[in-house]
Amino acid sequence: MHRPALSIVVPCYNEAACLDLLHKRVSAAARAAVGDDHEIVFINDGSRDDSWAVMQRLAAADPRLVAINLSRNHGHQLALTAGLDLCAGQQILIIDADLQDPPELLADMRAAMAAQGADVVYAVRRRREGETVFKKATAALFYRVLDRVTDTQIPLDTGDFRLMSRRALDALLSLPEQARFIRGMVAWIGFRQVPFPYDRAERHAGETHYPLGKMIRLAFDAVTGFSTAPLRFASHVGLALTAVSLLLIVYIAIGWLSGTAVQGWTSTMLVTVVLGAVQMFVLGMIGEYLGRLYIESKRRPLYLVADVAGPVLGQATLGFRAEVTPDPLPSPSGEDPVGERGIRESALPRP
């Protein structure tokens, strides 16, 4: 199998307004870096606009573009996983479709990788144009809290925009978990990783697809995927409450022996509410981890591919693709040897 010098992987969700300019800029950056020895992989993550139609048109005009249409919306991290799984380049650039991360930085990132002998060059945001103060503040808080609680050191103020070597990507693809936090997983695999500071631009068109709810979900994936700190916190709280309970028992016993009335209804209800809230929190954290164990135990494929436009060069290992084949010639007996519809469903091997 021929491996192009470069693969550019772009997950897309409702990005029809960006795709033409995105393709133009990404193609120009790739040609400036490696000439025609590249591929561009667009992943349509169940978009509700005309993204897939635009991708098909672009793929028909550009033989170096492959468009992958997932069967439904899987979410950004799994869509990115599908693109990484199906690309074949010796170097892989991950970039979002909104053009906040300039593809023109590719040449400088490749130069940094070569000069420092790195396997990963991750982009670090110095400035974030076009974002609200609330978004900037919560993002900064998220990365710093994550750095404190996770067992793996994850670089601050970084997204998924990065350049990776093939061996680093192969190591990443050996991690089969469902709840994926790609930037944390890349940090976990190790190898030599170097920062690349840049200024993040304003979104080209449309609205962000990471509102507060999705950011909170991503934060849960990051914390529970790379840290047992919440469980340790729950156990510490449990021990502290046990000690407080023992003190309360001693206090009640002294009051009963001395004939002094125990504190009234307000203090009793306060203790009850506090204990109940902490217990529910602890149970919720345990339930979160148990739920993830349950999902992982199913061993479902990470993504489902419905359609492909263009040549897929990579060998997929983490997903499932149903391929439609031409109807075969009828057998002499008049029977269809593969069924009436001529559909072959192939499961991609999983670890």
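The values are calculated or read from the model by the stated rules, or taken from the named source; none is laboratory data. The structure displayed is predicted, hence computed values, not measured ones. In this analysis, Cβ positions are derived from the backbone assuming ideal geometry, glycine residues included, and neighbour counts consider all displayed protein chains. For the accessible areas, the whole protein counts, side chains as well, though only heavy atoms, and no ligand, DNA or RNA atoms are used. Shrake-Rupley method; radii C 1.70, N 1.55, O 1.52, S 1.80 Å.
The rows are residues; the columns are (1) at pLDDT 90 or above; (2) over 19 Å from Leu105 (Cα atoms); (3) of a type outside the set (Phe, Trp, Tyr).
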position	(1), (2), (3)
Met1	no, yes, yes
Cys12	yes, yes, yes
Glu15	no, yes, yes
Lys24	yes, no, yes
Ser27	yes, no, yes
Ala32	yes, no, yes
His38	yes, no, yes
Val41	yes, no, yes
Asn44	yes, yes, yes
Original post:
Restricting the search to region 78-101, which residues are aliphatic (A, V, I, L, M) and either open to solvent by less than 10 Å² (accessible area, probe 1.4 Å) or in a loop (DSSP other than H, G, I, E, B) (or both)?
Top reply: Ala79, Leu80, Ala82, Leu84, Ala88, Ile92, Leu93, Ile94, Ile95, Ala97, Leu99
Subject >> All positions within region 63-77 that are at pLDDT 90 or above and either among the aromatic types (Phe, Trp, Tyr) or open to solvent by 10 Å² or more (accessible area, probe 1.4 Å) (or both) >> reply: Pro63, Arg64, Asn69
Original post:
Restricting region 111-140 to residues that are of a type in the set (S, T, N, Q) and either under 21 Å from Asp98 (Cβ atoms) or at pLDDT below 65 (or both), which is most open to solvent (accessible area, probe 1.4 Å)?
Top reply: Thr132
Subject >> Those residues of region 144-192 which are modelled with pLDDT of 80 or more, assigned to a loop (DSSP other than H, G, I, E, B) and open to solvent by less than 20 Å² (accessible area, probe 1.4 Å), in sequence order >> reply: Arg180, Phe181
